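The values are calculated or read from the model by the stated rules, or taken from the named source; none is laboratory data. Since this is a predicted model, take the numbers as computed values, not measurements. With ideal geometry, Cβ positions are generated from the backbone for all residues, glycine too; neighbour counts draw on all protein chains shown. With ligands, DNA and RNA removed, areas are computed over all heavy atoms of the protein, side chains included. Shrake-Rupley method; radii C 1.70, N 1.55, O 1.52, S 1.80 Å.
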Amino acid sequence: MSSPLGSAVPAGLQTGGHPPGNRTLVAVLAVTQTIGYGALYYAFAVFLTPTATDLHTSTTAVTGAYTASILTSAALAIPIGRRLDRHGGRALMTGGSLLGTVLLIAWSQIDQVWQLYAVQIGIGIASAASLYEAAFAVIITWYRPERRSAALLALTVVAGFASTIFLPLTGWLVAAHGWRTALLVLAAIHAVTVPLHATVVRRPTGARLDSVTEHDAARSLRTAVSDRGFWLLAAGFTAHTAASSTYSVLLIAALIALGHPPAFAATIAGLLGVLSVTGRLITTGLQRRYSTTTITAVVFAVQAAAALLLPAIGAGAGGAIIAVVGFGLGFGVATIAKPVILAERYDTRRYATLAGILVAPTTLAKAGAPLAAAALYATTGSYTPVLIAVAACCGVAATAIAACSRR
């Protein structure tokens, strides 16, 4: 796909002169992202209640610390993106991993709520420096466009099992040894990511910018943020994040409201993780024949239809499964579509900065949309208006992404 930047990107520099790739790098990042997300992100759900109990506070107060962590990561996305573009990911990801390990140990020693907030804000910093956005930026610099999707797919498929591994592991550790010892064990596991990032993450030869290419890259960044298509991407992925976040949080409650037993509802909702991997595999396969923007727009449109189907046919078990499968196949597509589309359209020497700009609105949507949906349900007493709103967001996302493919 041609870049909308035209002459702003010198010949041969849109892809940064990428080498063919680095399989060891992808394998290592798949491991570190699985551990990082498992220990720093998913494990929090297991620690929520025992932490609140020991600190003699409410789960709401503890959840607030988690929200502070997410907002901290969003606030740092752009400055961290700039550093990734200029200096690569080795020092940043190594430092982030080390900080995350230290903070897991510190979390095990807290006895005040303010200490928990301090730890979680620190974990937000560590996550911004060492998790997906940083890993994607590293991969983008190593892979040519024709191999980039496969590399991102390999990373996200493996890391997609972080919750599957770490939720039961953390639950067993807490039950057997208590939450404080469980955190120390997770810190020991997470410490493995420090030497892995330090020894394997590298910038490919020739990727460092000199003063001339630095000037060109800065100019291409200004051109990108003035491009209408960039803000259509921002609107599309923000709307889709709002829809996906709402759907995942409220799906079980919606299925129960439709008359299904809680166990059935939880089982069907559990399909979302498997379906997200399936959707990524299908999307990557289709990229050989169709553009990424076209595939993504179609997937988002299918999700809009599936969201509308749930209140229409979801009272029966078969109908509920059909509707959830239809939505779930697109659940993880945005994760790999966003970096691929950004790298296809814009100068990859400023990929991390551009990706960082998109993080703030999508993070706010992820945090705020479920609350708005809950308020809508409280007002109407039905999940049908909520699912209609989810479908509308998916429709907006599909329209915005489709518009990006038209030059």
Inset, instruction - Could you list, in sequence order, all residues of the stretch 131-162 that are under 16 Å from T278 (Cα atoms) and open to solvent by 10 Å² or more (accessible area, probe 1.4 Å)? - result: S149, A150, L153, A154, V157, V158, G160, F161
Inset, instruction - Out of the residues in the stretch 103-130 that are within 26 Å of the chain's Cα centre (by Cα) and among the aromatic types (F, W, Y), state the one that is least open to solvent (accessible area, probe 1.4 Å). - result: W107
Inset, instruction - Could you tell me whether A367 is of a type in the set (G, A, S), closer than 29 Å to L255 by Cβ, modelled with pLDDT under 90 and part of a helix (DSSP H, G or I)? - result: yes
Inset, instruction - Please specify each residue of the stretch 253-265 satisfying the condition of being open to solvent by 50 Å² or more (accessible area, probe 1.4 Å) and either at pLDDT below 85 or over 10 Å from G314 (Cβ atoms) (or both). - result: I256, P261, P262, A263, F264
Legend entry - Failed condition for I268, given (1) open to solvent by 40 Å² or more (accessible area, probe 1.4 Å); (2) farther than 21 Å from A372 by Cα: (1)
Inset, instruction - Would you mention how many residues in the stretch 46-61 are in a helix (DSSP H, G or I) and modelled with pLDDT of 90 or more? - result: 6
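Does R83 fit the bill of being touching a Leu at 6+ places or on another chain (Cβ under 7 Å) and among the basic types (K, R)? Lay out the reasoning, then the answer.
Values: touching a Leu at 6+ places or on another chain (Cβ under 7 Å): yes; among the basic types (K, R): yes.
Criteria met by R83.
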Inset, instruction - Among what's in the stretch 357-384 and is over 17 Å from A235 (Cβ atoms) and among the β-branched types (V, I, T), pick the residue that is nearest to the chain's Cα centre (by Cα). - result: T384
Inset, instruction - Would you tally the residues in the stretch 278-316 being in contact (Cβ under 8 Å) with a residue 24 or more places away in the chain and in a loop (DSSP other than H, G, I, E, B)? - result: 4
